[in-house]
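What follows is a set of notes on a single structure, which appears directly below.
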Amino acid sequence: MPRDLSELPLSQPRYLGKDTARIEDATLLTGRAEFGDNVAFPGMLFAAILRSPHAHARIKRIDTSKAEKLAGVVAVVTGEDAKAWSEPVHGFPIGWAGHCLAHDKVRFVGDPVAAVAATSRYIAEDALELIEVDYEILAPVIDAQKALDPDSSVIWQHQGTNLIYHRLFTFGAVDEAFAKADVVVKDDFRWLRASGNPIETCNCIVQWRPDHSLNAWGGFQGTGFYVASVARGLRVPAHKIRITPLPHGGSFGTKIFPHAIIRMALLSRKAGGRHVKWIEDRLEHLLSSYTHGPDRIYSAEMALTRDGEITGFRVKVLDDLGAHAVSVAIGKALKPLSAFTGPYRMRNAQYDLTVVATNKCPQGSYRGWGVPAHNLAMEHCVDLAARKLGLDPVEIRRRNLLRPEQFPYEAPNGARYDSGDYERTLDMALEMAGYRALREEQTHARAAGRLVGIGVYTGVELSAVAMSMFTLLGPDSPFGTSMPESARVRIDATGKIIGEVTFPWEGQGQHTFATNFLADYFGVKREDVEVMAVDSLSAGPGTGPIGSRQAVMLSGALLGAADRIAEKLRKVAGVILEANADDIELFNGQLRVKGSPEKTLPLQRVVTVMLTRADLLPPGVDGNPEASYTYNPPDRKLPDAEGRGSFDLTAANNAHVVMVELDRDTGQVQVLKYVIADDCGVRLNPAVVEGMIQGAVAQGVGQTVLEEHVYDENGQYLTSTFMDYLLPTIWEVPMTERTYTETPSPLSPMGVKGAGESAVLATPAVLLSAINDALLPLGVQCTTIPASPLRLWQLMQSAARGLQH
């Protein structure tokens, strides 16, 4: 496959590598996209869900008779129906998730207990109030540190423990590195849970058919994560399930909810096969979305020489997964292994990972997939070491960064980094920021009594993730090395090109990239290309947009399909031009004989011959200018017995420099300057990359200083509106200054690397670095995320009291 844009069959790309408007925008901005709530069917019913008011309780009795008698109510289902007609919700490790409706006991506030389908949402909501449930209150487990106490309640009795997973990963001579270290720094951290909050919440319309097949439409993050889970959950063969993904207003991992499809399928089945629509409301999304982010307690330490060389890194993590292990949520705890040592040359590392169940909303997929917390712990230790050794934060990083001549590089845990020039990226960020001038400005500000801090971050984003990391869960893991992506491409009789992909619009512009690629590859205008999402029965194997993988994976799928069509076209053109097919090439939208420019055929003429002149088709070529391709990156391997493995394909890198000021009276953080230098390989659409970086910074700011799901000691949820769960606004999110370089990947199609999560992996670490630099004159440090105004104000007040005494 081509390793950069110059190897494509054209003299100069018209669209790829250039800032082009997204084809999705006109439809989205004029409100003409068909979102889930716009879809309607004759006789469609509307669903509402009764949720538990208790964190932990046994269900003694449910009486739905009054609800069933309410005019307009068509169906009511409970946990007994779920137990009779479905399997527990799929998740890993297996055996740590319940049915789509609780049938024995509830395990968190918001746990679904019953569902109603009625002729309107209003009637369905009224019916919920008529359902009587008797609960026997049980002691909740809210504190992850107490989840393993002998006297703690057990959330899943058949497991006999609240310990979901534990493993100690050791790479290299870790104990020796710490024993011989000249300097050791360590600290404890608390990373509290936040979650993705897209404009559009989760939604689906489900129809159970008389032949025990299923149709589902909704804002799904592709089809790959759904079919197997829904088929298993409903005890229905996969070929009987048609999942149709619709455009949706954002995802960030939240649009993976097969449990909701199963729940609505039960309602539709009980309603005689009528369509049932469920639109998640905002309270439900905050309370019970099954997509809360990491909830971790960290202890991290770093070993160094007196010259500042990092020789060892040790991390101990306690992760609170919540009440159910659903889907691939536990992958967030494993994902830090993909780039455990970051951009640094250290050769000894250890990861002591413990995952427990508590009576909180289950974790799920969330942008960054658990890596931002790890990066924060690592970068904080680097800052501590710099202070202890009297080094500038930039200098200690520079001394440890991987060098260009070390690529391809294999980290001690087996992670492979394909290419990069990390020091160049750092220098670009420092130059754009005017780092020395910032330090001088900080000195003057501190002299005036202002709390101004500067943070520096260097990091990597490994992308095109494979599911092989889930084999670390044990021998029963069903995952292998594949996590493919597919595309189908065809050319019609008028020369127009149709591309089919496995996922819908959700904001990142992948359909624009697919359109640009097909237009450039076949030498046509963008207007002559149509890219569409297809349903699960039409789609090839695919995972969709997750883990910053689509630039790499979709490139491979489209290239493979386009190359197969080009091969057909070459053979047909060889017949027409009376030349050997091996001497024919597709170039700038024409089929030509190499070295003989006068022997040229327009693309459309060759397509017309394929479609209309079967007598001219060479042996082995059908009359259909269409091809499909499923891309799987090469050299995927399972991890070894020690957990050493490479779970990704490409490694992008970036550097961030931030200046902040803290308000002594309110604890608010004002970002004075934010500079980013980025290297994500070949940029297929620079404008889209810039947008994703700025958006990721916004999400990172929210995680770092505002967003937090709060529970009290009884497991009651306290942040159920945006008055309490604080999202960042334009006033908190800075407009970043950005520059970039390109180091093409030697492994990926067209040299591209992932870019969707690089900034969200960095922002919490660099902001906390700057915040703690600002707090340095007060002698206090913040080690909790979010570093909310209240927390920072309390820290500053404690410092003031200490000075008074």
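The values are calculated or read from the model by the stated rules, or taken from the named source; none is laboratory data. Source: prediction; values computed, not measured. FYI the Cβ positions are ideal-geometry reconstructions off the backbone, even for glycines, and counts take in every protein chain you see. SASA here: full protein model, heavy atoms, side chains in, ligands and nucleic acids out. Shrake-Rupley method; radii C 1.70, N 1.55, O 1.52, S 1.80 Å.
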Theoretical gain in end-to-end length, Trp731 to Ser120 [0.36 nm per residue, Cα-Cα removed] | 216.0 nm
Amide H of Val113: which non-local residues (sequence gap of 5 or more, or other chain) have their own amide H closer than 5 Å, using H built in the peptide plane?
-> Leu50, Arg51, Ser52, Ala102
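What relative contact order, as a whole-number percentage, does region 459-514 give when Cα pairs under 8 Å and 6 or more residues apart are counted? Walk me through the numbers on the way to the answer.
Working: 41 pairs, mean separation 11.5, N = 56.
Reported as a whole number, the value is 21 percent.
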Could I have the simple spin-label model distance between Met532 and Arg403, label points 7 Å from Cα toward Cβ, reported in nm to one decimal?
-> 5.6 nm
In terms of Cα to Cα distance under 18 Å, which lysines are near enough to Lys673, apart from those fewer than 8 places away along the same chain?
-> none
Give me the distance in nm between label points sitting 7 Å out from Cα along the Cα-to-Cβ direction at Phe587 and Thr741, one decimal.
-> 3.4 nm
Among 347-359, 460-472, how do they line up from the highest to the lowest mean number of other beta-carbon atoms within 10 Å?
-> 460-472, 347-359
How high is the relative contact order of region 59-140, given as a whole-number percent (alpha carbon pairs under 8 Å, six or more residues apart)?
-> 45 percent
The extension gain from Asp104 to Ala447, computed as 0.36 nm times the residue separation minus the Cα-Cα distance, is 117.1 nm
By the Cα gyration tensor axes a ≥ b ≥ c (a/c under 1.5 gives rounded; else a/b larger than b/c gives prolate, otherwise oblate), the shape of the chain is oblate
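Past 18 Å, Cα to Cα: identify those pairs from Lys335/Lys637; Lys146/Lys332; Lys186/Lys388; Lys186/Lys332; Lys146/Lys316; Lys60/Lys83, in the order given.
Lys146/Lys332; Lys186/Lys332
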Report the calculated FRET efficiency for Ile94 and Val710 (r = Cβ-Cβ distance, R0 = 30 Å), to the nearest 0.05.
-> 0.45
Where Rh denotes the Kirkwood radius from the mean inverse Cα pair distance, what is Rg over Rh for region 552-604?
-> 1.04
Would you mind pulling out the separation of the Cα centroids of region 732-762 and region 385-444, in Å?
-> 16 Å
Which trypsin sites (Lys or Arg not before Pro) from region 180-230 combine a DSSP loop assignment with at most 15 other Cβ atoms within 10 Å?
-> Lys180
Pop a pseudo-label 7 angstrom from the Cα along the beta-carbon direction at both Arg167 and Asp149 and give the gap in nm to one decimal.
-> 3.0 nm
Would you mind getting me the FRET efficiency between Ser628 and Asp37? Use the beta-carbon distance for r and R0 = 45 Å, nearest 0.05.
-> 0.90
Quantify, in whole percent, the carbon and sulfur part of the accessible surface of region 406-524 (1.4 Å probe; protein heavy atoms only).
-> 51 percent
How high is the FRET efficiency between Asp25 and Gln159 when r is their beta carbon distance and R₀ equals 51 Å, given to the nearest 0.05?
-> 0.55
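Relative to the present Cα-Cα distance, how much length would full extension add between Arg282 and Lys496 at 0.36 nm per residue of separation? Kindly include the intermediate steps, with their values, before the conclusion.
Values: separation 214, 0.36 × 214 = 77.04 nm, distance 4.21 nm.
Stretched fully, the Arg282-Lys496 segment lengthens by 72.8 nm.
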Would you mind classifying region 629-756 by shape? Square roots of the alpha carbon gyration tensor eigenvalues, ordered a ≥ b ≥ c; an a/c under 1.5 is rounded, otherwise it is prolate if a/b is larger than b/c and oblate if not.
-> oblate
Which value at 222 nm does the chain reach when only helices count, each DSSP H run of 4 or more adding -39,500 (n - 2.57), with the total divided by all residues and rounded to the nearest 500 deg cm²/dmol?
-> -8500 deg cm²/dmol
If you take the square roots of the eigenvalues of the alpha-carbon gyration tensor of region 454-514 and sort them as a ≥ b ≥ c, do you get rounded (a/c under 1.5), prolate (a/b over b/c) or oblate?
-> oblate
What order, most packed first, do the peptides 668-674, 647-653 have when packing is the mean number of other Cβ atoms within 10 Å of each residue?
-> 647-653, 668-674
Here the percent of antiparallel bridges among DSSP beta bridges lying wholly in the chain, to the nearest 5, is 80 percent
Just the accessible area per residue of the chain, please: how many Å² with a 1.4 Å probe?
-> 36 Å²
